[in-house]
Each structure stands twice: as C-alpha cells, then as structure tokens.
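The values are calculated or read from the model by the stated rules, or taken from the named source; none is laboratory data. Small disclaimer: the values here were computed from a predicted structure and weren't measured. Here Cβ is always computed from backbone atoms with ideal geometry, including for glycine, and neighbour counts include all displayed protein chains. The accessibility values were calculated without ligands, DNA or RNA, using every heavy atom of the protein model including side chains. Shrake-Rupley method; radii C 1.70, N 1.55, O 1.52, S 1.80 Å.
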Amino acid sequence: MRQNAFEYVRAQGQATRTDITQALGISAGSATTLTADLITAGFLKEVQSPQKESSRGRPRVALTVVPDAGYVIGIKLAFKRHIAVMIDFSGNLIAQADLPSGDVRRPVEQLMDEAEALIHKLLAASGKSQTDICTVGIGLPGIIDHRSGVVVWSAMITTRDANLADLFAERFTMPVVLDNDANMLTLAELWFGQGRSMSSFAVVTIESGVGMGLVLDNQLYRGANGLGLELGHTKVQLDGALCRCGQRGCLEAYLADYALSREASTALDHASPTPRAPEHTLEALFQQAKAGHTAAETIFRRAGRYLSLGLSNVVQLFDPALIILSGERMQYDYLYAETVMDEMHKLTLNEGRKPCKIAIHAWGDLVWARGAAALALSHITTRMIAGEARAA
Ligand SMILES: [Zn+2]
C-alpha cells in the first residue's frame, strides 16, 4: 500500500492526503501513516498546494516526490541505434545519449561492451557518477524472463538463454532489471503518458514484429512465467502464412515488416537487381499506395484488416478502456484508417460496453528508453519502500 501511495503521488505530480484517501479507498488515518513513512524514508516531501484551499481559507498541504532521492538509467538496446536516458525520482529527464549499433546478431560480450560505452557516454553527459545511480533498466526485443533476467531468445544475440541481468550486474556493480521492448513502452505510457489516468489499458506495438503490453488495475501484467504477451504469435488462420517463429497463421505473419515486404517484393519489385532491406521495400510500397497503385493499396488494406482482427480479440479478452497503437509503423496511416477502426468495432460484441478508445502514438525510441528508466524506478522504489534498500 505504501508503494501504491507513492505511485499515486508520482503520477499526479502533487496530491493532498485527502486525494490519496479517496484515490486508494483507505481511511484518513491510514493515509497519514503511509505518507509519514514515505516522508521519513526520504521519498516524499510536503509542499503548499497553491490551487487548493481548505474551508478556512488556509493553503492546503500537498505531497510531492523528492526528485533527487535517486537517479536511474533506462536503456533501449536495438538494431541501428542504442539509446539511454537518465531520470530522477520524479521522472525528470537529466541526460540522454545514443550509440550506433549494427543490424546483425552479435555475441553477448559485444552487446555488453556496447552497453558499457553507452553508459559511460551518458554519465559524462549528466555529470553524475556511477555511485549516483540506483538501478539500470534495460529493454531489448525478444523473449525475456523478466524475473530471472534471462534472455531466452533475441534477434540481437547469437546465444540463447543468456542471463544478461547477472552479466550486467557483475560488470557495472549496479542492480539491473530487464524486460522486453513492448513492456518498456507500456511502462512509459503508465508512468509518463496517457496511461497515468487509466487503470486498465493495452499498448500494441507494430515495429519489426507485433508486440503487446497490458496494464490491469494499474499494474503491468506479466503472466505466470513473466515472458510477456505475444500478440504477434496468436493465430488468426489455421495453416496460414509462415511466421518467422516457425509456426503458421500468426498475426505477425500478416502484419509485420517482413510479411508486408514479402508481398511487396512479389507485387512491385520484379525489376530490382539487389534485394532491399524490408524497411526500404515498405517505404517504396507506401509511396506507391499513396500514388494510387492498386496492388500496393490492397497489401496495406489487407494488413489493416488483420490488425482489426487482432485488436478486436484484445478488446474481447481484456476489456481495456484504451488501446494505444505505437511503434515506427504507425507512420503508415493505412493501419489506423477509419475503415480499420470500423472493422474492429464490427468484429467486436459491443452489447452493454462502451466502445474501446484507440490512440495513436508514433513516438520515437527515446520514449522506449524512458520506459526502461520507469522499469528501473519501479524496481528500486518497490525495493526501497519494502525496506530492502535506501535512498541515495
Ligand atoms: Zn509466429
């Protein structure tokens, strides 16, 4: 409950004890005890709330997070570019840094060297030292066991089942937490974005694959095994198109980069002498569709219909108030055209429920890194508030 009170104040920016009482459904006495503990521990401080006056006209006392109670680092490891941010306990951005990254699989040791170089660059930009950092949160694409820190499989690493959390912790002598990139983005929405005011929402990411993160009752839902929700590999067709996971009929096999570029190279690219990267093929396909090329338009429309199907399944299973569509591919507006949203509503039994809202966030990779920082922050505050660690 102390954690809930802390998270509530952090999400609101400022909150009075009465706000906390009402929001958490607890007694006024409990709110006083909880906030007193958090003030003593150095996480919250009292400030005067300028807008809110009590019935006697005196300014009310509000609570806010102590920003320099600690600093965390969030890192997004990705193809082409790694990016890192440092934030304080209030979520304020202190510094950011990036580093070019190759587009091939690499040994774990090489990925660690790259992360180390990035952390040094970030520390130099921030003027902080390693001892100022409470925790590092790292996100990368793949199947990641959040609890153990094992990367079961990632397109970026040559080995399977590498315990990246242990390897990082040994090298940096800082606690490290890991998660997949869709969960990072969901945490970024929960901590800093539209999800701050929502108790249940989903984030669907369309990048090189199709990912999903789910918040239920203000908590990121990780499942029994902590491996993440693989919306991209739910089946939408028995014996359907071949997916890169080796199975058939996965949503991703109709929607991801490689699926669209596979169709595009058949429909458009007969004369190209050299194979192009999927994102270049996709960009050419989009330009053709914009110019009215029928085959190109059909490919995007079909992908859009599969997206409608996937979103409708998410609504029926989880009843979220909002689905945030995110990722680089949201620049292709065919994927969220009115027809796609109409189709989604048609496929969904809506009796007695408000239609689920859809938001489009075509943010860049900085927000993913902020999500990684949110992961670190949530990890350290949970531990600190539980009494296992101290504020810096
Ligand atoms: Zn699959």
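Send over a whole-number figure in Å² for the accessible area per residue of the chain, probe 1.4 Å.
Working: 17870 Å² over 392 residues.
Using a 1.4 Å probe on heavy atoms only, each residue of the chain averages 46 Å².
Just to be sure I follow: if Rg is taken over the C-alpha atoms of segment 271-348 and Rh is the Kirkwood radius over the same atoms, what is Rg/Rh?
We get a ratio of 1.06 for segment 271-348.
At 7 Å along Cα-to-Cβ for each site, give me the label-to-label distance between residue 267 and residue 331 in nm.
Between residue 267 and residue 331, the label points sit 1.9 nm apart.
Against the 2.2 N^0.38 Å scaling, with N counting residues, where does segment 129-219 land? I'd like the Cα-based Rg ratio to two decimal places.
Details: Rg = 14.5 Å, N = 91, 2.2 N^0.38 = 12.2 Å.
Taking the Cα Rg and dividing by 2.2 N^0.38 Å, one obtains 1.18.
Which angle between 0 and 90 degrees, to the nearest 10, do you get for helix 294-318 versus the longest principal axis of the chain when only C-alpha atoms count?
The angle comes out near 40 degrees.
Taking Cα atoms of segment 288-328, Rg/Rh with Kirkwood Rh, to two decimals?
Working: Rg = 13.6 Å, Rh = 11.9 Å.
Taking Rg over the Kirkwood Rh, I get 1.14.
Using the Cα atoms of segment 28-118 to build a convex hull, what is its mean projected area in square nanometres?
9.2
Based on the mean of other Cβ atoms within 10 Å per residue, sort peptides 172-185, 100-113 so the most packed one is first.
Working: 172-185: 23.8, 100-113: 13.9.
So the order, starting with the most tightly packed, is 172-185, 100-113.
Distances over 23 Å make up what percent of all Cα-Cα pairs in segment 58-209?
Tail of the P(r) past 23 Å holds 40 percent of the pairs.
Compute the normalised compactness of segment 81-121: alpha-carbon radius of gyration over 2.2 N^0.38 Å, N being the residue count.
Numbers: Rg = 12.2 Å, N = 41, 2.2 N^0.38 = 9.0 Å.
Against the compact-globule rule of thumb, the ratio is 1.35.
Using a 7 Å offset from the Cα along the Cα-to-Cβ direction at both residue 279 and residue 32, what is the distance between the two label points in nm, to one decimal?
Reported label-point gap for residue 279 and residue 32 is 5.7 nm.
Distance from a point 7 Å along Cα→Cβ of residue 383 to each backbone N in segment 135-174: keep the residues under 19 Å and list them by number.
So the set is 135-140, 145-151, 163-174.
Along the charge dipole of the chain, pointing to its positive end and built from +1/-1 on Cβ of Lys, Arg, Asp and Glu, which listed residue (30, 108, 96) has its Cα farthest out?
So the residue furthest toward the plus end is 30.
Kindly list the residues of segment 222-236 that lie in the label zone of residue 245, defined by a backbone N under 12 Å from the point 7 Å along the Cα-to-C-beta vector.
228-236, by backbone N distance to the label point.
Once fully extended, how much extra length lies between residue 158 and residue 227, figured as 0.36 nm per residue of separation less the alpha-carbon to alpha-carbon distance?
Extra length available between residue 158 and residue 227 comes to 22.9 nm.
Work through the residues other than residue 253 whose Cβ is under 10 Å from its Cβ and net out their charges, Lys, Arg +1 and Asp, Glu -1.
+3
For labels at residue 45 and residue 287 in the simple 7 Å Cα→Cβ model, what's the distance in nm?
Reported label-point gap for residue 45 and residue 287 is 5.4 nm.
What percentages make up the Cα-Cα pair-distance distribution of segment 307-363 when the bins are 5 Å wide from 0?
Histogramming segment 307-363 at 5 Å steps yields 4, 19, 32, 25, 13, 5, 1 percent.
Let me confirm the definition first: pairs of Lys residues in the chain, 8 or more apart or on different chains, C-alpha distance under 26 Å. How many are there?
8
Determine by what factor the alpha-carbon radius of gyration of the chain differs from 2.2 N^0.38 Å, reporting the quotient. Intermediate values should be presented prior to the final figure.
Values: Rg = 22.7 Å, N = 392, 2.2 N^0.38 = 21.3 Å.
Working it through for the chain, the quotient is 1.07.
Could you tell me the distance between the Cα centroids of segment 213-237 and segment 300-361, to the nearest Å?
Segment 213-237 and segment 300-361 have Cα centres separated by 17 Å.
Distance from the Cα centre of segment 1-54 to that of segment 135-174, in angstrom?
35
Using a 1.4 angstrom probe on heavy atoms only, work out the carbon and sulfur share of the accessible area of segment 160-262 in %.
47
Within the chain, what percent of beta bridges assigned by DSSP are antiparallel, to the nearest 5?
Working: 38 of 60 bridges.
Just about 65 percent of them are antiparallel.
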